[in-house]
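Note sheet for the following structure.
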């Protein structure tokens with residue numbers, strides 16, 4: 001599942017090839033010409049609008065599609081952080097630079113590469129500007145690091161689904177293409193930079209409408225599973241393999257190394273007392289390497305438990321849907337509360353049990369509960385190791 | 001308008017550019033970019049020329065703290081080398097290689113050089129506040145639905161529109 005190389009420095013030859021294609025596309029689109037670039041600001045040439053918007057919606061549909069089919073982890077990609085005033089100030093300064101300088105950094109490199117001398121100066125200016133920023137940074141650090149709002153995504157802000165947002169923006173893009181064509185023709189005495197024939201445009205538009213419509217039914221795989229997981233009926237009729245407190249107790253006494261535990265309770269309950277060497281995890285963690293690396297170890301059976309067995313059963317079903325081998329997962333019957341009641345805090349009932357088996361069980365519990373408590377106490381988790389964030393580093397700042 | 005068929009179809013170029021961004025995100029979690037490479041080069045140069053005084057600067061301290069490798073080895077540096085080669089090859093194929101000042105008809109070369117320098121500097125400064133430029137913050141940001149990406153794009157183009165009448169003489 002992507003991203004394949006979340007560390008910022010990945011294959012440099014690949015970086016060169018990606019840049020090469022980027023450069024060719026920018027140049028072929030006409031972005032090596034500043035008159036074409038600033039045309040958008042004067043309404044005579046909306047090529048920038050067409051290219052930029054088409055690239056954006058294509059990429060959005062692509063990201064949605066990949067995450068829908070579980071090929072891209074939406075939580076592991078770089079989302080530009082939102083420092084409200086810094087973003088606003090940066091956008092204004094860059095807009096100023098655009099209308100005065102006629103390029104942006106990427107397009108200036110493109111223009112420089114085909115011999116535009118003014119673009120060479122622009123490139124030098126960008127470097128100089130960054131140098132000035134570095135020197136003056138202490139003065140603007142407050143703005144740069146202030147008003148941090150996390151990494152919000154637009155569909156969350158609008159409180160709609162990712163698919164619905166994609167649908168809206170794709171349709172909006174195509175309506176805008178039609179609109180900018182009208183504006184261009186007005187400015188240019190009936191002519192337009194619309195290079196597509198009318199019938200060609202309608203064909204593209206038809207495809208886009210289908211794509212937009214399909215987007216409505218897509219959502220990141222993880223999000224879909226978690227939504228199912230949170231519904232009341234999730235995993236209701238599933239057949240889960242349970243293990244009883246007594247069997248766990250016997251195996252602990254026998255020092256059975258094939259068993260390991262995942263504790264779903266809250267961290268404060270977990271640190272108080274837990275089964276030996278358990279991993280404290282949330283259901284969402286089952287999507288992450290910290291749980292998958294743990295469960296997928298060879299020759300290990302993982303026992304999942306919460307306070308009771310209800311959540312653990314749901315998580316076991318979720319785990320199977322995520323793709324874990326169900327034969328490697330068991331659920332502790334009755335959860336940790338029952339384990340405490342039946343084993344650790346066991347008290348011999350006053351009346352004589354009516355069957356031999358129950359009597360043996362009682363005797364076992366009575367005999368060994370002290371020893372088992374000791375095992376739990378000795379392996380008590382001292383602190384919870386927080387998982388390292390696997391989100392891709394970088395960005396372009 | 002006689003120039004209009006020189007360039008490729010904008011929708012096709014945009015579509016391919018979008019696919020390239022998705023592919024890059026799939027590979028390394030980031031899209032394509034430009035200003036980040038400039039920053040790497042500037043920091044790399046400063047570290048090279050005056051390592052001691054540059055390591056005293058707060059912004060470079062933060063840069064060094066978040067980058068384990070030399071700034072010259074950042075993937076964006078190699079990516080923009082690719083951009084330059086790609087732009088050159090494309091210009092070669094389409095017969096657009098020529099040394100010239102690209103400027104409005106009422107502007108002298110001198111004015112054009114000054115405005116290019118100022119515009120570049122503003123973009124350099126702005127891209128630091130925006131944590132990326134039109135591509136790295138704007139386009140990639142929109143690709144991953146980030147609010148910052150949409151906002152910075154609107155601010156860049158909105159400011160351009162708003163100021164366009166003031167700088168009419170530079171371009172028209």
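The values are calculated or read from the model by the stated rules, or taken from the named source; none is laboratory data. Remember, predicted model here, so these are calculated numbers, not experimental data. Backbone-built Cβ (ideal geometry, glycine too); neighbour counts: all protein chains shown.
Restricting A:79, A:74 to those that are touching a strand residue (DSSP E or B) at 6+ places or on another chain (Cβ under 7 Å) and either assigned to a loop (DSSP other than H, G, I, E, B) or more than 7 Å from chain B (Cβ to nearest Cβ) (or both) reduces the list to A:79.
Candidates are the residues of the range A:120-160 that are assigned to a helix (DSSP H, G or I), more than 7 Å from every other protein chain (Cβ to nearest Cβ) and more than 18 Å from residue B:125 (Cβ to Cβ); the one that is nearest to the chain's Cα centre (by Cα) is A:156. Look through B:43, B:80 and report the one residue that is in a helix (DSSP H, G or I), over 19 Å from residue A:136 (Cβ atoms), touching a helix residue (DSSP H, G or I) at 6+ places or on another chain (Cβ under 6 Å) and facing chain A (nearest Cβ under 8 Å). Criteria check complete, one pass: B:80.
The single residue among B:115, B:24 that is in contact with a helix residue (DSSP H, G or I) (Cβ under 8 Å, 6 or more places away or on another chain), surrounded by 14 or more Cβ atoms within 10 Å (Cβ to Cβ) and within 19 Å of residue A:128 (Cβ to Cβ) turns out to be B:115.
Of all residues in the range A:91-144, exactly one satisfies the criterion of being in contact (Cβ under 8 Å) with a residue 12 or more places away in the chain and at positive phi, namely A:102.
Please pick out the residue among B:36, B:82, B:74 that is without any contact (Cβ under 8 Å) to a residue 12 or more places away in the chain, within 22 Å of the chain's Cα centre (by Cα) and either assigned by TED's automatic domain parsing to the domain that holds residue B:13 or over 19 Å from residue A:103 (Cα atoms) (or both). Before the answer, list the steps.
Working: B:36 fails: without any contact (Cβ under 8 Å) to a residue 12 or more places away in the chain; B:74 fails: without any contact (Cβ under 8 Å) to a residue 12 or more places away in the chain.
On inspection, the qualifying residue turns out to be B:82.
Of all residues being buried (at least 24 other Cβ atoms within 10 Å of the Cβ) and without any contact (Cβ under 8 Å) to a residue 40 or more places away in the chain in the range A:7-29, which is nearest to the other protein chains (Cβ to nearest Cβ)? Just the residue, please. Give the derivation first.
The initial filter retains those residues of the range A:7-29 that are buried (at least 24 other Cβ atoms within 10 Å of the Cβ), namely A:15, A:18-19, A:22-29.
Within this subset, residues satisfying the condition of being without any contact (Cβ under 8 Å) to a residue 40 or more places away in the chain are A:15, A:18-19, A:24-25, A:28-29.
Numbers: A:15: 4, A:18: 6, A:19: 2, A:24: 4, A:25: 5, A:28: 4, A:29: 4 Å.
Residue satisfying both the conditions and the ranking: A:19.
Among the candidates B:164, B:148, the residue that is over 21 Å from residue A:129 (Cα atoms), over 19 Å from the mean Cα position of the chain (by Cα), at the interface with chain A (Cβ under 7 Å from one of its Cβ atoms) and part of a helix (DSSP H, G or I) is uniquely B:164.
When residue A:58 is tested against (1) more than 7 Å from chain B (Cβ to nearest Cβ); (2) farther than 30 Å from residue A:144 by Cβ, exactly one condition is not met: (1).
Does any residue of the range B:120-141 turn out to be within 7 Å of chain A (Cβ to nearest Cβ), assigned to a loop (DSSP other than H, G, I, E, B) and closer than 17 Å to residue A:25 by Cβ? The answer is yes, given that some residue of the range B:120-141 is within 7 Å of chain A (Cβ to nearest Cβ), assigned to a loop (DSSP other than H, G, I, E, B) and closer than 17 Å to residue A:25 by Cβ. Of all positions in the range B:73-95, at least one carries a residue that is at positive phi and at pLDDT below 95. Is it the case that the range A:30-45 has a residue that's under 33 Å from the mean Cα position of the chain (by Cα), at the interface with chain B (Cβ under 7 Å from one of its Cβ atoms) and touching a residue at least 24 places away in the same chain (Cβ under 8 Å)? Looking for residues that are under 33 Å from the mean Cα position of the chain (by Cα), at the interface with chain B (Cβ under 7 Å from one of its Cβ atoms) and touching a residue at least 24 places away in the same chain (Cβ under 8 Å), one finds none in the range A:30-45, hence no. Tell me yes or no: at least one residue of the range A:58-74 is over 29 Å from the mean Cα position of the chain (by Cα), at negative phi and modelled with pLDDT of 95 or more. Looking through the range A:58-74, none of the residues is over 29 Å from the mean Cα position of the chain (by Cα), at negative phi and modelled with pLDDT of 95 or more.
Output the residues belonging to the range B:47-73 that are more than 7 Å from chain A (Cβ to nearest Cβ) and either outside any helix (DSSP H, G or I) or buried (at least 17 other Cβ atoms within 10 Å of the Cβ) (or both). Steps first, please.
Let us first name the residues in the range B:47-73 that are more than 7 Å from chain A (Cβ to nearest Cβ), namely B:47-56, B:61-68, B:70-72.
Those that are more than 7 Å from chain A (Cβ to nearest Cβ) and either outside any helix (DSSP H, G or I) or buried (at least 17 other Cβ atoms within 10 Å of the Cβ) (or both): B:47, B:50, B:54, B:55, B:56, B:63, B:67, B:68, B:70, B:71.
Output the number of the condition that residue A:124 fails; it satisfies all remaining conditions of (1) crowded, with 23+ Cβ neighbours inside 10 Å; (2) closer than 30 Å to residue B:101 by Cα. The number of the failed condition is (1). Within the option set A:349, A:387, being loosely packed, with under 14 Cβ neighbours inside 10 Å, assigned to a loop (DSSP other than H, G, I, E, B) and at pLDDT 80 or above holds for one residue only, A:349.
Name the single residue, out of those in the range B:106-119 being touching a residue at least 40 places away in the same chain (Cβ under 8 Å) and more than 7 Å from every other protein chain (Cβ to nearest Cβ), that is farthest from residue A:35 (Cα to Cα). Among residues in the range B:106-119 that are touching a residue at least 40 places away in the same chain (Cβ under 8 Å) and more than 7 Å from every other protein chain (Cβ to nearest Cβ), the one farthest from residue A:35 (Cα to Cα) is B:111.
Restricting the range B:12-21 to residues that are surrounded by fewer than 24 Cβ atoms within 10 Å (Cβ to Cβ) and at the interface with another protein chain (Cβ under 7 Å from one of its Cβ atoms), the residue that is nearest to the chain's Cα centre (by Cα) is B:20.
Looking across the range A:276-303 at every residue that is in a helix (DSSP H, G or I) and without any contact (Cβ under 8 Å) to a residue 40 or more places away in the chain, the one that is surrounded by the fewest Cβ atoms within 10 Å (Cβ to Cβ) is identified as A:293.
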